[in-house]
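So the structure is just underneath, and the comments pick up after that.
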Amino acid sequence: MKTNVYVIYGGRSVEHEISLKTASFILNALDKEKYNVYPVYITMKGAWFPLEKIKEEILDVKTLQRSCTDSAAKSIGSFFMKDFRQEERSIVFPALHGTNGEDGTIQGFLELLRIPYVGNGVLASAAGIDKVVMKDLFANADIPQVKYIPFSLNQWMNNEQDTYKEIEKIIGYPCFVKPARLGSSVGINRCVNREELEEAVKEAFLYDRKLVIEEEVIGREMQIAVVGNDDPIASVVGEFIQERPFMDYNAKYLDGKLVSVIPARLPADISQKMRETSNAVFKLLNCSGLVRVDYFVTDKNRFFVNEVNTMPGLTKLSMFPALCEKTSGMTKKQLIEKLIELGFERYEQQQSILNARWEK
């Protein structure tokens, strides 16, 4: 009997459109001879809409969207009562980015329902998406990273000018203003003076109530893909050659002007240390399935971990599948199959522990 794979995508996040691209990649990569492939679209209002089983290649992501007037609660209940085949071998593939997808919420929901799913669990997802929590954990574990300072909406509202002064004193210019819990460079701005800082902070608070300010490090942006559970394997290092000061949303997903170089141009010992650091980050955050670790590397080959992505983008422009292919020859079809295997492996380990506990 075929395994049922439910690819969930869309959602309320500002990364909704990126999720559609990731879902298209996954749906096309899945072997239809081995899996029953079911797309499940989540509207911008949170309603779940299951589509028909996929048999053909997805050529336009717009075909993956639907309108739905049901409430989120009603549509979710209907899906699990009528469409999800829990009595069969089934797994959920959350092709979701950002809020309610990559932050541990959907993972916790599936844990409650005891449904296998692909990728990271609640803790890793929540810690990975929150740049402040992530950076604090890195600092405690001596993971190399740039200087940073966090602050909340409440702090800013209570004393706006003192907040700017503190940033200027500790970080200085140029600096980067980032919402704490978003990805894909949404809401991120580079600032070189107080006027730009004020505007960037106001914009970032449209996306989150907590921000992180980072010093600028002049260097190349590089990435490593990590795949596994208990024994993760880090890929070779890849880098993007870019035309802009940093890779914003348009550069990553719309312009198509980034050129990937795999493996990155690095001394062998630096590359190896970065791969070891990536595995250390994976284990520190209690990750499972997949993670992309992003770096800055200076001209003197000093490297700093910028952030992790617990559900990295999987699109035609994404680095993650390319890194896996260059490292082990793994095709996109094999990559998706491996991630499904790791999802079942993690679920079965958890259930065996729970069952053993109940039997005592």
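Structure notes:
- Matching residues, the stretch 192-217, being buried (at least 16 other Cβ atoms within 10 Å of the Cβ), of a type in the set (A, V, I, L, M, F, W, C) and within 26 Å of R292 (Cβ to Cβ): A200, A204, L211, V212, I213, V217
- For beta carbons closer than 7 Å, sequence separation of 6+ or different chains, a first residue in the stretch 192-210 that is closer than 15 Å to E160 by Cβ and a second that is in a loop (DSSP other than H, G, I, E, B), the qualifying pairs are E203/G187; A204/G187.
- Among the residues of the stretch 87-144, those that are among the charged types (D, E, K, R), assigned to a helix (DSSP H, G or I) and surrounded by fewer than 18 Cβ atoms within 10 Å (Cβ to Cβ) comprise E111, D136.
- Helices (runs of 4 or more DSSP H) within the stretch 263-360 that include 2 or more residues of a type outside the set (A, V, I, L, M), under 29 Å from Y6 (Cα atoms) and over 19 Å from the mean Cα position of the chain (by Cα): 320-328, 332-359
- Count of residues meeting criterion [surrounded by 19 or more Cβ atoms within 10 Å (Cβ to Cβ) and either under 29 Å from F93 (Cα atoms) or among the aromatic types (F, W, Y) (or both)] in the stretch 257-274: 1
- If the condition is being crowded, with 18+ Cβ neighbours inside 10 Å and over 23 Å from P321 (Cα atoms), then the stretch 42-64 contributes I42, T43, A47, W48, F49, P50.
- Pick from the stretch 154-167, criterion open to solvent by less than 50 Å² (accessible area, probe 1.4 Å) and out of contact with any strand residue (DSSP E or B) (no Cβ under 7 Å at 6 or more places or on another chain), ranking: nearest to E203 (Cα to Cα): W156
- Conditions (1) under 15 Å from I340 (Cβ atoms); (2) outside any loop (DSSP other than H, G, I, E, B); number of the one not met by E33: (2)
- Test: residue in the stretch 98-114 that is among the aromatic types (F, W, Y) and in contact with a strand residue (DSSP E or B) (Cβ under 8 Å, 6 or more places away or on another chain): no
- Condition check for S75 on (1) small (G, A, S); (2) in a helix (DSSP H, G or I); (3) out of contact with any Phe, Trp or Tyr (no Cβ under 8 Å at 6 or more places or on another chain): one failure, at (3).
- Options D70, D103, D136, D130: the member that is over 20 Å from the mean Cα position of the chain (by Cα) and among the acidic types (D, E): D70
- Search result, residues across the stretch 1-30 that are in contact with a His (Cβ under 6 Å, 6 or more places away or on another chain) and either part of a helix (DSSP H, G or I) or open to solvent by 20 Å² or more (accessible area, probe 1.4 Å) (or both): I18, S19
The values are calculated or read from the model by the stated rules, or taken from the named source; none is laboratory data. Since the structure is predicted, the reported quantities are computational estimates derived from the model, not experimental observations. Here Cβ is always computed from backbone atoms with ideal geometry, including for glycine, and neighbour counts include all displayed protein chains. Surface areas here come from the heavy atoms of the whole protein model, side chains and all, with no ligands, DNA or RNA. Shrake-Rupley method; radii C 1.70, N 1.55, O 1.52, S 1.80 Å.
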